[in-house]
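Visitor: Quick one: the structure is below, and I'll ask about it shortly.
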Amino acid sequence: CVGVDEDDAPDIDIYHCPNCEKTHGKSTLKKKKNWSKHDTGQSSDIRAVQNGSQVFIKELRSRTFPSADDIVVKLSGSQLTMDYLEENGFNEPILVQKKDGLGMSMPAPTFYISDVENYVGPDVTVDVVDVTKQTDSQMKLKEFVDYYYSTNRKKVLNVINLEFSDTRMSTIVESPQIVRHLSWVENYWPDDALLGKPKVTRYCLICVKDSYTDFHIECGGASVWYHVLKGEKIFFLIKPTSANLSLYERWRSSSSHSEMFFADQVDKCYKCTLKQGQTLFVPSGWINAVLTPVDCLAFSGHFVHNLSVEMQMRAYEIEKRLKVKTLTPFPNFETACWYVGRHLLERFKGLHKANKQPALYLIHGAKIINGAFRAWTKKQALLEHEDELPENMKPSQLIKDLAKEIRLSENATKAIKNEPSIKVPVEEPASTQSEPEEPSSPTNIPSPSREKPKKKAPKPPKPPKPPKVPKAPKPPKVKDGEKKKVKKTKELSPPPKPSSFAALESHAKEILSKMDQQKKPKVSTFIISRNRTRLQLCLFLHH
């Protein structure tokens, strides 16, 4: 009603209404900020400028950075699988040249900004970033589209958080399959939960030339995927080492951080150019800034997952200490953790019941999450965290039960390290169907004898006795020779295969010790097969 746009208001020092303008002139604007007002201390020829300003963009374009080829892993879409990530981890950015094989849905390259307006709705309110000032305001999508197509853009405006999961555009844009497979929100957050799922999985990014987003860590330590449909983006990537994370927290907490280029404070900042049709996956915790050298339409999404639990929790703690306000938050991160903790408890129980072990990264992640649960439920902290506790959740019982399952897994892991001959089946990575269990009943044991085993093994019931040859290395019968070979192998490496828990290992050693004592007087009469020994140990554990 006064003819002032929201994003122009902060520039006005003294406002003159239309009537007063006739006598006093136009409104007085604030004095323009000096973009180069002091030195950074990094170098005498590098001056501090306002990040995002035209001076800053010009300097940024002229600088050279180490190539991201040193740290970015290049894969085809079909190579980016759960098996690959579980074997190699997800600690470095992954670049996929073509979307083929990613299981991702994207509109045709002819799809453009006016189509976004049609699919999302012209009257939807969007957050718009004024890049030069690094401030945000709101406008209708149709107003931003008009600005985008205008020939005289007075400002550099940027839309980076248009989440469209609840719009028609969700029918033509789908995130990569690996993201849907990993995502906590997609897999563990109940559909009928009172608290709705966080809307973070699908964003539309509409960026004009010279748009810039300053260095940041994604909220909740989330990993991010980006796909450029039109145009190009340049990422400035910094590894999330302990030193770099500490520097980032100090830089971000400074009141003048918007006048300091964070890349100048770290050893290395890598430059990665993402071209049209390419997809980039940025792991948890990576500190990154983004420059748009040409008009660009891109899609992205955030996801938290089991492969990076420690880094996610660390980034979340940094975020809480900094109290950062962002246009792309990860709401109810703690709620997601509670649902994941409950899932891991049931998963571990099922695996242990089947004499299997979870992958090491799952055990480590469960310990991190359970540690966070203890911190969040302490008396002095509960008030701050109880709002994110899901309904019908019993936190103390969950913490206790999960700790028990973690201890069982850790004991099994220690037993395997101490006794390399122990072989414990591990959960298949990408399969939802359980594999056949290890032998725990006589039907699964390829034993030559199906007699019922006893707790102690004094003498097998009347086995065929070979002629007594005093300490003869070669028995007269081939069958007995085979038995003796089995026996020798058994003495070298006793394998309690069905389980590797500490109690079983201790009992196995006790039995084998007694067997050694009994074997000395009568070598040929005390012959027992490896499989029957396994069966005895299984039944002992069962009882």
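Visitor: For region 28-48, check the following and say yes or no: at least one residue is farther than 28 Å from T292 by Cβ, open to solvent by 100 Å² or more (accessible area, probe 1.4 Å) and at pLDDT 70 or above.
Guide: no
Visitor: Residue by residue through region 165-214, note down the ones that are in a loop (DSSP other than H, G, I, E, B) and in contact with a Gly (Cβ under 8 Å, 6 or more places away or on another chain).
Guide: Selection gives T167, S175, P176, V200, T201, R202.
Visitor: Restricting the search to region 184-217, which residues are small (G, A, S) and either surrounded by fewer than 23 Cβ atoms within 10 Å (Cβ to Cβ) or free of Cβ contacts under 8 Å to residues at least 60 places away in the same chain (or both)?
Guide: Passing the criteria: A193, G196.
Visitor: To continue, here is another question. Can you work out which of the residues in region 133-162 that are in contact with a Phe, Trp or Tyr (Cβ under 9 Å, 6 or more places away or on another chain), open to solvent by less than 40 Å² (accessible area, probe 1.4 Å) and of a type outside the set (A, V, I, L, M, F, W, C) is modelled with the highest pLDDT?
Guide: Selected residue: N158.
Visitor: Specify which of the listed residues (V282, V224) is in contact with an Asp or Glu (Cβ under 7 Å, 6 or more places away or on another chain), crowded, with 21+ Cβ neighbours inside 10 Å and within 26 Å of I57 (Cβ to Cβ).
Guide: None of the others qualify; the one that does is V224.
Visitor: Please name all residue pairs, on different chains or six or more residues apart, with Cβ atoms under 7 Å, provided the first residue is in region 341-362 and is among the basic types (K, R) and the second residue is in a helix (DSSP H, G or I).
Guide: R342/L398; K349/E405
Visitor: Would you confirm, using the coordinates I've provided, whether I71 is in contact (Cβ under 8 Å) with a residue 12 or more places away in the chain, under 21 Å from C272 (Cβ atoms) and either touching a Cys at 6+ places or on another chain (Cβ under 7 Å) or crowded, with 18+ Cβ neighbours inside 10 Å (or both)?
Guide: no
Visitor: Sticking with this structure for a sec: Across region 261-277, which residue is nearest to M104 (Cα to Cα) among those that are surrounded by fewer than 19 Cβ atoms within 10 Å (Cβ to Cβ) and not charged (D, E, K, R)?
Guide: Among them, the one singled out is G277.
Visitor: Another question about this same structure. Check off (1) farther than 29 Å from V156 by Cα; (2) in a strand (DSSP E or B) for M311 and give me the number that stays unchecked.
Guide: Unmet condition: (2).
Visitor: Which condition number in (1) among the acidic types (D, E); (2) over 29 Å from the mean Cα position of the chain (by Cα); (3) open to solvent by 20 Å² or more (accessible area, probe 1.4 Å) is the one that D130 fails?
Guide: For D130, the exception is condition (3).
Visitor: Continuing with the same structure: For region 361-399, which positions are within 15 Å of L344 (Cβ to Cβ), among the hydrophobic types (A, V, I, L, M, F, W, C) and assigned to a loop (DSSP other than H, G, I, E, B)?
Guide: Across region 361-399, the qualifying residue is only M393.
The values are calculated or read from the model by the stated rules, or taken from the named source; none is laboratory data. Computed from a prediction, not measured in an experiment: that's the story for all the values here. Here Cβ is always computed from backbone atoms with ideal geometry, including for glycine, and neighbour counts include all displayed protein chains. Protein only, heavy atoms only, side chains kept; ligands, DNA and RNA dropped before computing areas. Shrake-Rupley method; radii C 1.70, N 1.55, O 1.52, S 1.80 Å.
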